[in-house]
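Presented below is the structure to which this report refers.
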Amino acid sequence: MINILDKTFVPFISRSSIESRIAELADQIGKDYAGRNPVFIVVLNGAFLFAGELVKNISLTCEITFIRFSSYSQTESTGNVRQIIGMEESIENRDIIIVEDIVDTGLTMAHLLKQIKDRSPKSVEIATLLHKPEALKTPIDMRYVGFEIDNKFVVGYGLDYDGFGRNLDSLYVLA
Ligand code: IMP
């Protein structure tokens, strides 16, 4: 059990389970993209640990770039999606894999997908560590999903509660 600010969280998914699942996703991506040179677009801040672990396990010749959005205020989605930084380079005719920590309502991802598709990539797929199917408000096609979880607030492994908890090496859920 851990406390972050005013909330208590309990262990949810262990580091070893997360890492072995990420290795499986990496393996799948390696097979699916054999002979190609994808561009991983990592959505900061939450996806930084997931992305690091994922790309370490991928031996494709690939590019990795970073963008940043914000849609969350404490534990409630604001519904406002804003692009803050990134996406300067051309992605025209490239195979894109978006790397996200969690798809919750899907509003952030829908917004990002539109922006990416407007730039004429060859293909776009999504790799997300977590997905909350019950929370989804708009249909999103996710090819690589680490874990489907209940609609509960989680922290750790890159995900934060009000800025804290990203460094935890496993996932915790609100008690
Ligand atoms: P969406 O637009 O509702 O899908 O929200 C996506 C973003 O909200 C994610 O990239 C996270 O930064 C944040 N988020 C959603 N659920 C959680 C959670 O349970 N813990 C921490 N952050 C979350």
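A few remarks follow.
- Listed here are the strands (runs of 3 or more DSSP E) enclosed by the range 93-162 that have at least 1 residues being near the ligand (Cβ under 7 Å from one of its atoms) and touching a residue at least 12 places away in the same chain (Cβ under 8 Å): 95-103.
- Gly165 being of a type in the set (Gly, Ala, Ser), within 11 Å of the ligand (Cβ to nearest atom), surrounded by 13 or more Cβ atoms within 10 Å (Cβ to Cβ) and modelled with pLDDT of 95 or more: yes
- Flag for Glu63 being more than 17 Å from Tyr144 (Cα to Cα) and modelled with pLDDT of 95 or more: yes
- If the condition is being small (Gly, Ala, Ser) and farther than 20 Å from Met109 by Cα, then the range 19-51 contributes Ser20, Ala23, Ala26, Gly30, Ala34, Gly35.
- For beta carbons closer than 8 Å, sequence separation of 6+ or different chains, a first residue in the range 19-35 that is open to solvent by 50 Å² or more (accessible area, probe 1.4 Å) and a second that is hydroxyl-bearing (Ser, Thr, Tyr), the qualifying pairs are Gln28/Tyr144.
The values are calculated or read from the model by the stated rules, or taken from the named source; none is laboratory data. This structure is a prediction, so every number in the text was calculated from the model and none was measured. So basically every Cβ, Gly included, is an ideal-geometry build from the backbone, and we count neighbours across all protein chains shown. Only protein heavy atoms, including side chains, enter the accessible area calculation; ligands, DNA and RNA are left aside. Shrake-Rupley method; radii C 1.70, N 1.55, O 1.52, S 1.80 Å.
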